[in-house]
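First comes the structure, then the notes that go with it.
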Amino acid sequence: MIPMKPQLPPAAPEVVAAAVEGLTSRLRKKLDAAVESYATLPVADSDGTLSIRCGEDAEVVLTPGPSGTITEAEQAVCGCLLAPRCLHRAAILSACPVAEPGAADTAVEVEAEVEADEPTAPARSTAVEAPPAPPSGPTRAQVTAATALRAAAAAVLTAGVPAAGAVPQAELLRAAHAARLAGLHRAEAAALRVVRGLRSARAREDGHRLADLVESVRELLLTTHRLASADPDPALVGTARRGYRAGGALKVLGVCREPVLSATGYGGVVTHLLGEDGRWFSVADVKPGGPARARDAATATVALGSGALDHARLARGGLLISGATISPEGRLGAGKGVKATPVPGRPWTSAPLTALFDRPLSEQIMSHLTEPEDTNQALVGCDLVIVGGTGDTLLARELRPGAEEDGPQTDPLTARPAESPNATPPTPTLTPPPGPPIRLLPAHPHPDLAHTPNFAQLAARPGIRIRVIARLDPDRAATLRPLAVGPVPGTEATLRLPPEWLDRADLGYDRLRGAHFPPPDALPSVAGFDGTPADPLADSPLWRMRRLVELAVAGGRRAVAEPARDGDRQGSAAALRRSGFGTMADLATALTAEADRRTRDVFGRLSDPDADRYAQVWLSAAVHLAGAERALVRSTW
């Protein structure tokens, strides 16, 4: 399967599933090849109606609804004699991006939810109150839907990426739609992430990460397993939309802008704001359009209040809001009763923004790592010194406040006395403060955005000190994804940004130039690292278990069975046991044994393996591995 064409509109899961189900068994066998062939065809656009000619007598016409999404079967038609149960229509719909849940209900406000592979923006929300989850646990209908969805997910896991083509994906989409009808919104969202990850993996897209797909499969199987077991935790059910509550009068100040790129073909911007009481808020503008939409939305008008402010000005300004409506994750609503008046912004050195940089970074990180994953949306602020770069990674050390001791004032990095303005400065040297190196990765490496060139500018100037607003990457050791940078007060070895930028640069949009940096002689020399510093997560024996868990998703059950057949000649389980990971070694052995298990019927013939049992064993290994890796990541901070 090749990458999905960006011109194709998102299609609702139930529409895709119904189109594939309508095919004969003979046509289903040809579906994957047809998707690969038809996805390369040109798309003609006539006033929002898209047409793709699949042959001399076959033309598929797509007419998206007001939300830009195919939500009804009648919006996708083909001119061939077999339509609507034809290969052309099913293949084109299978090549469309998978639409967000409830796309038909969000024609007025369409926002994308961004996932756990990439660094994330706040989740999608609308101004509709969601019904509370039943306190007594899932209903019988929900247990039935969860069981069916778990079976579909187990089948995909058994097949692996190479065999999880359009037909298994459609089965998963159908089960996900049934889960939505039963009110299992969290399970549905996890299933859609799995389908998108499978498509990305089969297309060998540049942004695909196997670890993200593994996480999505783990989340789907864990959620459906607990629901099928009638677990009463209301968080397992989830909500279709996060309702807004009244917030009264509110004053918020801009902090930065963050580009949004979604695997579903959405793009836009989220502007992060801080209230005077230290609470985080955000305003989003996310619609279908991909990277181009993410780039252009940087200066789009803010749909809040009078609409007299764009996102670029809001990120360096503020709003005085009356009648505010706020979602649980801090998204500001734009209802009819909301009135907003622009107010002047403040630099990061003024209250309340300066409080973002007062707490030690480790203290901020620990508070985020102990929060539930679905509520961890706040950003962190810190002062750093860049000490080098390798590939797309910047290496930095934290500049910790209060490092000076009594006596002559010293530079917190060079540990030498501060000179008077007229003194001849000696050759600067740098002794970084103690602590592990911090890795900085681009939030979005797409060439249409400015993250990568800005990282290159910073990497070329070791010793530069920067103030950073970043998002924590919880899956990597000591890793942050910066969204914006500014100068560190009280030093010359820092950024020199234009006054109109209000001492901050949004790394996804603002381009750092040579004039924004101090001269080379103002930068103290730094003791860099020989190569990439040690990564406790990558260097631990856990890589053996990680490889096995990922192999199960990438290659399917047959690939996992190989270690059992060769007697574990590579010694993965033994190595885990020697390193003190006895439980993990037992899980690895159980997984390979279960993958190779085959039963026979009463006539001695080999029967189909138990996909559900295999999925449960894999899930146990994946959950145990995720817990161990998270503990290691926590230790790096």
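Kindly indicate whether ARG150 is under 19 Å from CYS96 (Cβ atoms) and either in contact with a strand residue (DSSP E or B) (Cβ under 7 Å, 6 or more places away or on another chain) or part of a helix (DSSP H, G or I) (or both).
Working: under 19 Å from CYS96 (Cβ atoms): no; either in contact with a strand residue (DSSP E or B) (Cβ under 7 Å, 6 or more places away or on another chain) or part of a helix (DSSP H, G or I) (or both): yes.
Considered against the rule, which asks whether it is under 19 Å from CYS96 (Cβ atoms) and either in contact with a strand residue (DSSP E or B) (Cβ under 7 Å, 6 or more places away or on another chain) or part of a helix (DSSP H, G or I) (or both), ARG150 comes out as no.
Do you know which residues across region 308-362 are farther than 25 Å from ARG496 by Cα, small (Gly, Ala, Ser) and without any contact (Cβ under 8 Å) to a residue 40 or more places away in the chain?
Across region 308-362, the qualifying residues are ALA308, GLY337, ALA340.
Does region 38-50 contain at least one residue that is more than 12 Å from ALA95 (Cα to Cα), in contact with a Cys (Cβ under 8 Å, 6 or more places away or on another chain) and surrounded by fewer than 17 Cβ atoms within 10 Å (Cβ to Cβ)?
Going through region 38-50, the residues more than 12 Å from ALA95 (Cα to Cα) turn out to be 42-50.
Going one step further and asking which of them are in contact with a Cys (Cβ under 8 Å, 6 or more places away or on another chain), we end up with none.
Scanning region 38-50 turns up no residue that is more than 12 Å from ALA95 (Cα to Cα), in contact with a Cys (Cβ under 8 Å, 6 or more places away or on another chain) and surrounded by fewer than 17 Cβ atoms within 10 Å (Cβ to Cβ).
Given the residues GLU171, GLU219, which is the only one that is over 18 Å from ALA626 (Cα atoms) and either in contact with a Cys (Cβ under 7 Å, 6 or more places away or on another chain) or not hydrophobic (A, V, I, L, M, F, W, C) (or both)? First the steps, then the outcome.
On the way: GLU219 fails: over 18 Å from ALA626 (Cα atoms).
Checking each option against the conditions leaves just GLU171.
Criterion first (more than 23 Å from the chain's Cα centre (by Cα), under 13 Å from THR223 (Cβ atoms) and not acidic (Asp, Glu)) does ALA175 satisfy it?
Numbers: more than 23 Å from the chain's Cα centre (by Cα): yes; under 13 Å from THR223 (Cβ atoms): yes; not acidic (Asp, Glu): yes.
Taking the combined requirement at face value, the residue satisfies it.
Residue check: is ARG295 in contact with a Phe, Trp or Tyr (Cβ under 9 Å, 6 or more places away or on another chain), under 30 Å from ALA626 (Cα atoms) and among the charged types (D, E, K, R)? Full working, then the answer.
Values: in contact with a Phe, Trp or Tyr (Cβ under 9 Å, 6 or more places away or on another chain): yes; under 30 Å from ALA626 (Cα atoms): no; among the charged types (D, E, K, R): yes.
So ARG295 does not fit the description; no.
Determine whether region 316-333 contains at least one residue that is assigned to a helix (DSSP H, G or I) and open to solvent by less than 40 Å² (accessible area, probe 1.4 Å). Working first, answer last.
Narrowing region 316-333 to residues assigned to a helix (DSSP H, G or I): none.
For region 316-333, residues assigned to a helix (DSSP H, G or I) and open to solvent by less than 40 Å² (accessible area, probe 1.4 Å): absent.
Any residue in region 193-213 that is in contact with a Pro (Cβ under 7 Å, 6 or more places away or on another chain) and modelled with pLDDT under 90?
The answer is yes, given that some residue of region 193-213 is in contact with a Pro (Cβ under 7 Å, 6 or more places away or on another chain) and modelled with pLDDT under 90.
Which fully enclosed strands (runs of 3 or more DSSP E) of region 44-96 have 2 or more residues being over 22 Å from GLY290 (Cα atoms)? Steps first, please.
Details: elements: 44-46, 49-55, 58-62, 76-78.
Those strands (runs of 3 or more DSSP E) span 49-55, 58-62, 76-78.
Filter region 487-508 for residues that are open to solvent by less than 50 Å² (accessible area, probe 1.4 Å), more than 18 Å from THR354 (Cβ to Cβ) and not in a strand (DSSP E or B) and give the result.
Narrowing region 487-508 to residues open to solvent by less than 50 Å² (accessible area, probe 1.4 Å): 487-488, 491, 493-495, 497-498, 501-502, 504-508.
After this cut, where a residue has to be more than 18 Å from THR354 (Cβ to Cβ) as well, the list is 493, 498, 506-508.
Selection gives ALA493, PRO498, LEU507, GLY508.
Anything in region 549-580 that is outside any helix (DSSP H, G or I) and modelled with pLDDT of 90 or more? List them, or say none.
GLY556, the sole residue that qualifies.
Report, ordered by the first and then the second residue, all pairs with beta carbons closer than 8 Å, sequence separation of six or more or different chains, a first member in region 210-221 that is within 10 Å of ALA187 (Cα to Cα), and a second member that is open to solvent by 30 Å² or more (accessible area, probe 1.4 Å) and outside any helix (DSSP H, G or I).
Between residues of region 210-221 that are within 10 Å of ALA187 (Cα to Cα) and residues that are open to solvent by 30 Å² or more (accessible area, probe 1.4 Å) and outside any helix (DSSP H, G or I), the close pairs are GLU219/ALA116.
Would a scan of region 135-142 turn up a residue that is under 23 Å from the mean Cα position of the chain (by Cα), within 30 Å of ILE326 (Cα to Cα), modelled with pLDDT under 95 and open to solvent by 40 Å² or more (accessible area, probe 1.4 Å)?
No: region 135-142 contains no residue that is under 23 Å from the mean Cα position of the chain (by Cα), within 30 Å of ILE326 (Cα to Cα), modelled with pLDDT under 95 and open to solvent by 40 Å² or more (accessible area, probe 1.4 Å).
Kindly indicate the residue of region 513-527 that is touching a residue at least 60 places away in the same chain (Cβ under 8 Å) and within 34 Å of the chain's Cα centre (by Cα) and also most open to solvent (accessible area, probe 1.4 Å) among those meeting that condition.
ALA527
Inside region 149-174, can you point out the residues that are open to solvent by 10 Å² or more (accessible area, probe 1.4 Å) and either on the phi > 0 side of the Ramachandran plot or without any contact (Cβ under 8 Å) to a residue 40 or more places away in the chain (or both)?
Residues satisfying the conditions are ALA152, PRO168.
Can you report the number of residues in region 263-303 which are part of a loop (DSSP other than H, G, I, E, B), open to solvent by less than 50 Å² (accessible area, probe 1.4 Å) and either over 16 Å from PRO97 (Cα atoms) or in contact (Cβ under 8 Å) with a residue 60 or more places away in the chain (or both)?
First pass over region 263-303, keeping only residues part of a loop (DSSP other than H, G, I, E, B): 263-265, 276-279, 289, 300, 302-303.
Among the residues that remain, those that are also open to solvent by less than 50 Å² (accessible area, probe 1.4 Å) are: 264-265, 278, 289, 300, 302.
From the residues that got through so far, the ones that are either over 16 Å from PRO97 (Cα atoms) or in contact (Cβ under 8 Å) with a residue 60 or more places away in the chain (or both) too are 264-265, 278, 300, 302.
Final tally of qualifying residues: 5.
Mind checking which residues of region 25-54 are in contact (Cβ under 8 Å) with a residue 24 or more places away in the chain and out of contact with any helix residue (DSSP H, G or I) (no Cβ under 8 Å at 6 or more places or on another chain)? If you could, list the steps in order and put the result at the bottom.
Kept after step one, since they are in contact (Cβ under 8 Å) with a residue 24 or more places away in the chain, are these residues of region 25-54: 27-28, 30-32, 34-40, 43, 45, 50, 52, 54.
Those that are in contact (Cβ under 8 Å) with a residue 24 or more places away in the chain and out of contact with any helix residue (DSSP H, G or I) (no Cβ under 8 Å at 6 or more places or on another chain): GLU36, THR40, VAL43, ASP45, LEU50.
The values are calculated or read from the model by the stated rules, or taken from the named source; none is laboratory data. What you are looking at is a predicted structure, and each value in this text was computed from that prediction instead of being measured. As a convention, Cβ positions derive from the backbone with ideal geometry for all residues, glycine included, and neighbour counts pool all protein chains shown. These accessible areas exclude ligands, DNA and RNA; they are computed on the full protein's heavy atoms, side chains included. Shrake-Rupley method; radii C 1.70, N 1.55, O 1.52, S 1.80 Å.
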